[in-house]
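Just so it is clear, none of the values below were taken in a lab; they were calculated from the coordinates. These numbers were taken from a predicted model, which means no experiment stands behind them. Positions of Cβ are generated from backbone atoms using ideal geometry, with glycine treated the same way; all protein chains shown enter the neighbour counts.
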Amino acid sequence: METIFSKIIEGSIPCNKVFENERILAFYDIEPAAPVHVLIIPKKPIPSMNEVAPEDLPLIGEIHSVAQQIAKDLGIAETGYRLINNCGPDSGQAVPHLHYHLVGGAKLGALVGGSSSHA
Ligand code: AMP
């Protein structure tokens, strides 16, 4: 499926790149939610966490390793950060291509915002 992220991977939409290898691309989010907000995506077009298969697990592990390195490079490893994956409608996932938000650089707010039916 063609998405904004598949177009960024193929180069037809530009991005502000932070990291790239054969399997993974990382770039700054266009609408940052924190002082540091980087998106880390596999080049393989996996639509969401729901479609991650057992053979993808080394790739998911590598994404964590890349996140660790980027956090170090951008100076937030010690101050702290979150690695967030949104999956499906309730999470607000907008782009159907697996991605992880690496956010930090300030004290982060509540883990889960928005309305909830649970008081
Ligand atoms: P999600 O809501 O988890 O699907 O996150 C999608 C993210 O992609 C949002 O934080 C958007 O700001 C970001 N985004 C959308 N288009 C672009 C783009 N062209 N370059 C960088 N980030 C983008």
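Taking the criterion of being more than 12 Å from the ligand (Cβ to nearest atom) and within 15 Å of VAL112 (Cβ to Cβ), the only residue of the range 75-89 that qualifies is ARG82. Which of the residues spanning the range 20-44 are within 20 Å of ILE76 (Cβ to Cβ) and in contact with a Leu (Cβ under 7 Å, 6 or more places away or on another chain)? The answer is ALA26, PHE27, ASP29, ALA34, VAL36, VAL38, ILE40, ILE41.
Of the residues making up the range 4-43, those that are loosely packed, with under 15 Cβ neighbours inside 10 Å and either more than 9 Å from the ligand (Cβ to nearest atom) or in a helix (DSSP H, G or I) (or both) are ILE4, LYS7, GLU10, GLY11, SER12, LYS17, GLU20, ASN21, GLU22, ARG23, PRO35.
Checking each residue in the range 74-119 for being assigned to a loop (DSSP other than H, G, I, E, B), touching a residue at least 40 places away in the same chain (Cβ under 8 Å) and β-branched (Val, Ile, Thr) picks out ILE76, VAL95. Has the range 54-73 got any residue that is assigned to a loop (DSSP other than H, G, I, E, B) and surrounded by 15 or more Cβ atoms within 10 Å (Cβ to Cβ)? No, there is no match, as no residue in the range 54-73 is assigned to a loop (DSSP other than H, G, I, E, B) and surrounded by 15 or more Cβ atoms within 10 Å (Cβ to Cβ).
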